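Q: Pasting a structure here, questions to come.
The values are calculated or read from the model by the stated rules, or taken from the named source; none is laboratory data. Values in this document were obtained by computation on a predicted structure and should not be read as measured data. All Cβ positions, glycine included, derive from the backbone under ideal geometry; neighbour counts span all protein chains shown. Quick note on the areas: whole protein, heavy atoms, side chains included, nothing else; ligands and nucleic acids left out. Shrake-Rupley method; radii C 1.70, N 1.55, O 1.52, S 1.80 Å.
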2 protein chains.
Amino acid sequence: MIDKLRVAGGRYRPLGLSSVVIADAFWAPAMTRVREITLPAQHQQLRDTGRLDALRLDWRPGTEPKPHIFWDSDVAKWLEAASHSLAAVPDEQLEQQVDEAIELLANAQHDDGYLNTYFTVVEPGRRWTDLRDAHELYCAGHLIEAGVAHFEATGKRSLLDVVMRYADHIDAVFGLAPGQKHGYDGHEEIELALVKLYRVTGVDRYLQLAAYFVDERGRQPYFFDQEAAERGTPGFFGSRPPFDRRQQDPEPFREYNQSQAPVREQREVVGHAVRAMYLYSAVADVAVETGDDGLLAACRRLWGHLTTRRMYITGGIGSTARIEGFTEDFDLPNESAYAETCAAIGLVLWAHRMAAIDRDRRYVDVLERSLYNGVLAGISDDGSCFFYDNPLASHGAHHRQKWFGVACCPPNLARLLTSLGRYVYAQRDNELVVHLFVAGSGAFDVDGQTVTVEQRTEYPWDGTVELVMRVDRPVTFTLATRIPGWCDDPRISVHGEPLDVDAVIDRGYACVNRKWRDGDSVRLELPMPVRRCYAHPRVIADIGRVAVARGPLVYCVEGADNGGDVEHLTLPRDTMLTTAEHDDLPGTIVVKGTGAKIDAADWDDALYRDSPAHRVPVELTAVPYHSWDNRAPGPMQVWIRESEFGARP
Amino acid sequence: MIDKLRVAGGRYRPLGLSSVVIADAFWAPAMTRVREITLPAQHQQLRDTGRLDALRLDWRPGTEPKPHIFWDSDVAKWLEAASHSLAAVPDEQLEQQVDEAIELLANAQHDDGYLNTYFTVVEPGRRWTDLRDAHELYCAGHLIEAGVAHFEATGKRSLLDVVMRYADHIDAVFGLAPGQKHGYDGHEEIELALVKLYRVTGVDRYLQLAAYFVDERGRQPYFFDQEAAERGTPGFFGSRPPFDRRQQDPEPFREYNQSQAPVREQREVVGHAVRAMYLYSAVADVAVETGDDGLLAACRRLWGHLTTRRMYITGGIGSTARIEGFTEDFDLPNESAYAETCAAIGLVLWAHRMAAIDRDRRYVDVLERSLYNGVLAGISDDGSCFFYDNPLASHGAHHRQKWFGVACCPPNLARLLTSLGRYVYAQRDNELVVHLFVAGSGAFDVDGQTVTVEQRTEYPWDGTVELVMRVDRPVTFTLATRIPGWCDDPRISVHGEPLDVDAVIDRGYACVNRKWRDGDSVRLELPMPVRRCYAHPRVIADIGRVAVARGPLVYCVEGADNGGDVEHLTLPRDTMLTTAEHDDLPGTIVVKGTGAKIDAADWDDALYRDSPAHRVPVELTAVPYHSWDNRAPGPMQVWIRESEFGARP
């Protein structure tokens, strides 16, 4: 199945941040806003809410704010995002804030390497007693990711050394040896972090510990049962997952945290969506690093289940707030969709790792879907406000906020957007891969020579992509460029010569092998007509409805453009849909067409009557889903009612 | 506005049970099943669950079953139903069970007249300290209704005397005099019961006490606030209504129990639906008995609000389980509809009282809608199982049960069905009113002579109604027969002579005044085509959907007749709908037509694609809503998706 090679980062290794330039009109401004608006604002939030000061370990019982079990992870994710930012754009003030936070962390570390605010000051002596709920290894994982990112960005070992000491401590506590805990965390994260630490340090123990956590999970007797029995209390969350108090399931936690069975036996994506994504990301990492076919098969099986049964068209996942996660196959309600921003980010993380195993567009198509829609909707155009949950319909009450008590999503968005460069290109030997279309460049090393692939494109607004090779001397390699699944009629030419796409396509990538000279170019034409999308008939919520998409973007109708009540709109099947610019949303291409709208004015006071309301023609405007709620709060729908014909005026 | 006459029972007095014969093929068998199946089964439940034994007052702390605050009302409602049954059909065994229960109640009564199991054995000394939650006056009201029904049915005073002593005690405790409690009950019921007691005894104090409770409710300072402060505890339900634990409203109880303002100032029907209906029933009773125009205006205003904004097409009311009650205008979700059986019964009670004030079909049309649909669905065809809540759509999990821990609905159905005769006819002076079409007869007293109106009809399956007068000698009176609002083209003839309906209609009743001779007949032709019904466009849940109705019956599609998944059905707008008989449901007329059904078979594994699923023609069968779930549990929909045209095979 897979080469038993220890290729750090998978077979198709992403280019590092320092090798990628993003210089387009879509992502680059968003990344600038993250640097200039989001990161400073989040630092201020970490300060104002007490998360940074908590690291001074001077909290005393009875005083406020009391450190929370999640707090270290918020600091860690901000540190990771700030590090990614420093890798791209030096910033003295930001680096100083980073160094200060690292110094606090270093000072908070125990002599034995342990590092956790909550269990140092709030519940000292309860260390490692509530793995199911207390997020101890989860916080450790985010600290490790921050340490790796900081080292990669700055070359400094200040945080890397701290997290290696902590990882060594964890490695001593957990494992199969006598006296070690045979456990794992209720919220997965440590596993993928340890693989990252292994990749940057080369210390095999970290990979082995990640593999241990992955494989121990779900074995019987269940660790969390034993742990609860030993502890004698129900745990931080009590007897139910924190959002699931009213359920009757006698074992509500097992599927919630994916410990119902060993992952290699799991067939369905269940439970808390973020946890699931972080677990499967780690499983993919461990699979590729250890060449474990069983884990790889589990990944592919679970991927198939998720993407054909439980994923919104936006790439959002997790249908219900009740467990912040999955429910039943095809249960994808729109207005009550949870679709947590962090879960969409988790899907990007997992898809990226799957694409590092198999360079197959099935993964990157989903990555792109989630990134441009479910993820990007999580942050306002100005970088200051965030969605925690991302419904696909709203009656007008859903609106982005500046911060949340449980603040996982804002810094998670920041770390993803600051590290976006990692998702654009990959390389396997002499195969250079273009996953995403983002104007800028990627610098590859081919047989010791730097090959820079320049991308020129207006993507996602236009489907023309020109890839120009910059080489010092002619060099032979394969350029593998994704042909998105949404594109029905791709055209490709090399230096002006059309290619037969079918002849060069391999798992969704056009692969062109030749000796490339400086200035050689590949031109991709990906026509972007407005598309109508339909959901599987078993998705009850979408029956009789249509979604509008163009290129990688899913669209929606907002009240602001459509006379308020979008529930009364229908999009006739034969309506011609066209593109246009929009005064309110500069740089954005919107979709227009003649729809129909129920005219409630001709309805008298009766609640029921024997004839339906009339419909009148209306000019319908759809905007990209990611850009919704950037005006006044109002109603929105992705899935628009479809009528068979238009209003008859 | 209203005659200041003390006409017991309103201006249009219902005929008593002993004057009415129900001998049709629709209701009479249902009533027989209530007598033969439901009443004995419910007596057994009262025995098995400890409700009857609790009246022996020998419960001791720590033993099970522990009497509940609702229990006395369950016994009382069964007693009322059994009494109604005895009025129509003597039954020695039933009468003996009734007498035994009455003896238990009489023995349980305190010397001062107080009578409540819970506050005698479980919380002695806490009498009248938790009016908001403890249902003390609610239980008293049901005992009083039982006492009145028992007296009317049997002429025995055994229970009437008990409840009069209890009412006298309540009259001494509550009122405006010094030392009396200025309070009222959290669950209305005592008010309408006291009016009934007044009507049967002529004791004016009972009417005045009912009027006091109606008028005191909602005055400031709020009684329930004062009560809670005096008691020093949050009450039996704690700080939230029992089904509403997660709400943030600081005063969640006020609207919940309609005490947010005096009823004569209320403009919207809010809160717990059963409570609201019992209150408004009492308000109508007090208004007509005291000639209070302010209360009457409130009734009419609230009636308009309910029936044009917050009522399901089935006559079910109360959209949400969260408070077992009302939410927002036009918020009428189908699958999550609560539409408690008791609330539909409450609407029948209120409508009946409004029709006793104004003989106007707006009231009896709603009464009929609720009775034939929302109420009747509450009981299985065999009389053994019950719905507590009555959704208008189900994915298949909703199924009737034999009993409930909170068992209000089953005995409430029993008492309504055993007293159905009271809803058919009414009289005001020389005006004889036919409200409902039920084969059988009603015996009126006109100037000392008995006039029997015989009804011959197959209603609700056929709209032909023949009314034959039986008189000893010719007598002049007005026969006022309702022309249902659902009927577009009524025809009426008197002894073969057609009448101009428009010329004789008054507030929806065809009024024929003449000297009637024995055997004179009135023939009503109410054509019953299958109708399509549409909801107001503001009812979001029903947009693009159609309901099927015929005569007073609302229909639904069940999985059993329609290939399982009713979500995939559409009813094309131009489909001809016809009637037919049905093998599974003898005696029932079903509706058939060619619908279309999504064919999911041509859909591959993709979750989303660019073309909709095909639809194929399908023979669609709709059954009366009241008869659903009498086969295996399965999916159901009242509101069917409507397509503009059919499948194109």
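Q: Is it the case that the stretch A:380-387 has a residue that's in contact (Cβ under 8 Å) with a residue 12 or more places away in the chain and assigned to a helix (DSSP H, G or I)?
A: No.
Q: Here is a follow-up. Identify all residues within the stretch B:203-226 that are farther than 20 Å from B:Val270 by Cα and either under 22 Å from the mean Cα position of the chain (by Cα) or touching a residue at least 12 places away in the same chain (Cβ under 8 Å) (or both); write none if there are none. It would help to see each step written out before you state the result.
A: Step one: filter the stretch B:203-226 for residues farther than 20 Å from B:Val270 by Cα, giving B:203-212, B:221, B:226.
Answer for the stretch B:203-226, where residues must be farther than 20 Å from B:Val270 by Cα and either under 22 Å from the mean Cα position of the chain (by Cα) or touching a residue at least 12 places away in the same chain (Cβ under 8 Å) (or both): B:Val203, B:Arg205, B:Tyr206, B:Leu207, B:Leu209, B:Ala210, B:Ala211, B:Tyr212.
Q: Yes or no: the stretch A:462-469 includes at least one residue that is out of contact with any helix residue (DSSP H, G or I) (no Cβ under 7 Å at 6 or more places or on another chain) and without any contact (Cβ under 8 Å) to a residue 40 or more places away in the chain.
A: Within the stretch A:462-469 (the criterion being out of contact with any helix residue (DSSP H, G or I) (no Cβ under 7 Å at 6 or more places or on another chain) and without any contact (Cβ under 8 Å) to a residue 40 or more places away in the chain), the answer is no, since none of the residues qualifies.
Q: Among (1) touching a Pro at 6+ places or on another chain (Cβ under 8 Å); (2) more than 10 Å from every other protein chain (Cβ to nearest Cβ), there is one condition B:Gln637 misses while meeting the rest; what is its number?
A: (1)
Q: Which of the residues belonging to the stretch A:476-493 are over 28 Å from A:Ala549 (Cα atoms) and open to solvent by 10 Å² or more (accessible area, probe 1.4 Å)?
A: A:Thr476, A:Thr478
Q: Within the stretch A:127-134, identify whether any single residue is open to solvent by 40 Å² or more (accessible area, probe 1.4 Å) and closer than 28 Å to A:Asp225 by Cα, and answer yes or no.
A: Scanning the stretch A:127-134, I find at least one residue that is open to solvent by 40 Å² or more (accessible area, probe 1.4 Å) and closer than 28 Å to A:Asp225 by Cα, so the answer is yes.
Q: Is it true that some residue in the stretch A:574-595 is modelled with pLDDT under 95 and within 13 Å of another protein chain (Cβ to nearest Cβ)?
A: Scanning the stretch A:574-595, I find at least one residue that is modelled with pLDDT under 95 and within 13 Å of another protein chain (Cβ to nearest Cβ), so the answer is yes.
Q: Inside the stretch A:314-347, can you point out the residues that are of a type outside the set (S, T, N, Q), over 22 Å from A:Val623 (Cβ atoms) and outside any loop (DSSP other than H, G, I, E, B)?
A: Answer for the stretch A:314-347, where residues must be of a type outside the set (S, T, N, Q), over 22 Å from A:Val623 (Cβ atoms) and outside any loop (DSSP other than H, G, I, E, B): A:Ile317, A:Gly325, A:Cys342, A:Ala343, A:Ile345, A:Gly346, A:Leu347.
Q: Just one of the numbered conditions (1) in a helix (DSSP H, G or I); (2) surrounded by 24 or more Cβ atoms within 10 Å (Cβ to Cβ); (3) not acidic (Asp, Glu) is not true of B:Met164; which one?
A: (2)
Q: Yes or no: the stretch A:186-198 includes at least one residue that is farther than 26 Å from A:Arg13 by Cα and either free of Cβ contacts under 8 Å to residues at least 40 places away in the same chain or hydroxyl-bearing (Ser, Thr, Tyr) (or both).
A: No, there is no match, as no residue in the stretch A:186-198 is farther than 26 Å from A:Arg13 by Cα and either free of Cβ contacts under 8 Å to residues at least 40 places away in the same chain or hydroxyl-bearing (Ser, Thr, Tyr) (or both).
Q: Also: Does B:Arg199 satisfy the condition of being closer than 30 Å to B:Val20 by Cα, charged (D, E, K, R), open to solvent by 10 Å² or more (accessible area, probe 1.4 Å) and in a helix (DSSP H, G or I)?
A: Values: closer than 30 Å to B:Val20 by Cα: yes; charged (D, E, K, R): yes; open to solvent by 10 Å² or more (accessible area, probe 1.4 Å): yes; in a helix (DSSP H, G or I): yes.
So B:Arg199 fits the description; yes.
Every residue, every condition in (1) more than 10 Å from chain B (Cβ to nearest Cβ); (2) without any contact (Cβ under 8 Å) to a residue 60 or more places away in the chain; (3) out of contact with any His (no Cβ under 8 Å at 6 or more places or on another chain), yes or no:
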{"residue": "A:Asp602", "(1), (2), (3)": "no, yes, no"}
{"residue": "A:Asp605", "(1), (2), (3)": "no, yes, yes"}
{"residue": "A:Pro612", "(1), (2), (3)": "no, yes, yes"}
{"residue": "A:Val616", "(1), (2), (3)": "yes, yes, yes"}
{"residue": "A:Asp629", "(1), (2), (3)": "yes, no, no"}
{"residue": "A:Ala632", "(1), (2), (3)": "yes, no, yes"}
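Q: Quick one: in the stretch B:537-546, which of the residues that are within 14 Å of B:Ile640 (Cβ to Cβ) and facing chain A (nearest Cβ under 7 Å) is least open to solvent (accessible area, probe 1.4 Å)?
A: My answer is B:Ile543.
Q: Moving on to the next point. Run down B:Asp500, B:Asp520 and say which single residue is acidic (Asp, Glu), open to solvent by less than 40 Å² (accessible area, probe 1.4 Å) and either more than 14 Å from chain A (Cβ to nearest Cβ) or more than 19 Å from B:His626 (Cα to Cα) (or both).
A: B:Asp520
Q: Considering only the stretch B:307-323, state which residues are closer than 23 Å to B:Arg550 by Cα and surrounded by fewer than 22 Cβ atoms within 10 Å (Cβ to Cβ). Lay out the reasoning, then the answer.
A: Of the stretch B:307-323, the ones closer than 23 Å to B:Arg550 by Cα are B:307-317.
Residues satisfying the conditions are B:Thr308, B:Arg309.
Quick grid of which residues meet (1) within 16 Å of the chain's Cα centre (by Cα); (2) open to solvent by 20 Å² or more (accessible area, probe 1.4 Å); (3) of a type in the set (A, V, I, L, M); (4) more than 27 Å from A:Val546 (Cβ to Cβ):
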| site | (1), (2), (3), (4) |
| --- | --- |
| A:Glu328 | no, yes, no, no |
| A:Ala339 | yes, no, yes, no |
| A:Ala397 | no, yes, yes, no |
| A:Arg415 | yes, no, no, yes |
| A:Leu432 | no, no, yes, yes |
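Q: Out of curiosity, is A:Cys511 more than 14 Å from chain B (Cβ to nearest Cβ), open to solvent by 20 Å² or more (accessible area, probe 1.4 Å) and either of a type in the set (Gly, Ala, Ser) or touching a helix residue (DSSP H, G or I) at 6+ places or on another chain (Cβ under 8 Å) (or both)?
A: Yes, satisfied.
Q: In addition: Take the conditions in contact (Cβ under 8 Å) with a residue 12 or more places away in the chain and more than 10 Å from every other protein chain (Cβ to nearest Cβ) and apply them to A:Thr621. Does it pass?
A: Judged against the criteria, A:Thr621 is a match.
Q: Looking at this structure, is A:Tyr534 away from every other protein chain (no Cβ under 14 Å), closer than 23 Å to A:Leu553 by Cβ, at pLDDT 95 or above and open to solvent by less than 20 Å² (accessible area, probe 1.4 Å)?
A: Spelling it out, it is not the case that A:Tyr534 is away from every other protein chain (no Cβ under 14 Å), closer than 23 Å to A:Leu553 by Cβ, at pLDDT 95 or above and open to solvent by less than 20 Å² (accessible area, probe 1.4 Å).
Q: Right, something else. Quick check on this structure: which one of B:Ala82, B:Ala87 is open to solvent by less than 10 Å² (accessible area, probe 1.4 Å) and of a type in the set (A, V, I, L, M, F, W, C)?
A: Details: B:Ala87 fails: open to solvent by less than 10 Å² (accessible area, probe 1.4 Å).
The match here is B:Ala82.
Q: Quick test of your reading of the structure: A:Ile598 fulfils all but one of (1) without any contact (Cβ under 8 Å) to a residue 24 or more places away in the chain; (2) facing chain B (nearest Cβ under 9 Å); (3) in contact with a strand residue (DSSP E or B) (Cβ under 7 Å, 6 or more places away or on another chain). Name the failing condition by number.
A: (1)
Q: Please specify each residue of the stretch B:96-119 satisfying the condition of being among the polar types (S, T, N, Q) and open to solvent by less than 30 Å² (accessible area, probe 1.4 Å). Don't jump to the end; show me each part of the working.
A: First pass over the stretch B:96-119, keeping only residues among the polar types (S, T, N, Q): B:96-97, B:107, B:109, B:116-117.
Hits for the stretch B:96-119 are B:Gln109, B:Asn116, B:Thr117.
Q: Let me ask another. Is it the case that the stretch A:300-320 has a residue that's modelled with pLDDT under 95 and either under 26 Å from A:Ile540 (Cα atoms) or within 13 Å of another protein chain (Cβ to nearest Cβ) (or both)?
A: Checking the stretch A:300-320: at least one residue is modelled with pLDDT under 95 and either under 26 Å from A:Ile540 (Cα atoms) or within 13 Å of another protein chain (Cβ to nearest Cβ) (or both).
Q: Can you tell me which residue among A:Ala549, A:Ala560 is under 28 Å from A:Gly593 (Cβ atoms), open to solvent by 40 Å² or more (accessible area, probe 1.4 Å) and either in a strand (DSSP E or B) or away from chain B (no Cβ under 14 Å) (or both)?
A: From the options A:Ala549, A:Ala560, the qualifying one is A:Ala560.
Q: Surrounded by 19 or more Cβ atoms within 10 Å (Cβ to Cβ), at pLDDT 95 or above, in contact with a strand residue (DSSP E or B) (Cβ under 7 Å, 6 or more places away or on another chain) and under 25 Å from A:Ala343 (Cβ atoms): does that describe A:Ala282? I'd like the intermediate steps shown before the answer.
A: Working: surrounded by 19 or more Cβ atoms within 10 Å (Cβ to Cβ): yes; at pLDDT 95 or above: yes; in contact with a strand residue (DSSP E or B) (Cβ under 7 Å, 6 or more places away or on another chain): no; under 25 Å from A:Ala343 (Cβ atoms): yes.
No.
Q: Here are some conditions: (1) surrounded by fewer than 24 Cβ atoms within 10 Å (Cβ to Cβ); (2) in contact (Cβ under 8 Å) with a residue 12 or more places away in the chain; (3) in a helix (DSSP H, G or I); (4) among the polar types (S, T, N, Q). B:Gln93 meets all but one. Which one does it not meet?
A: (2)
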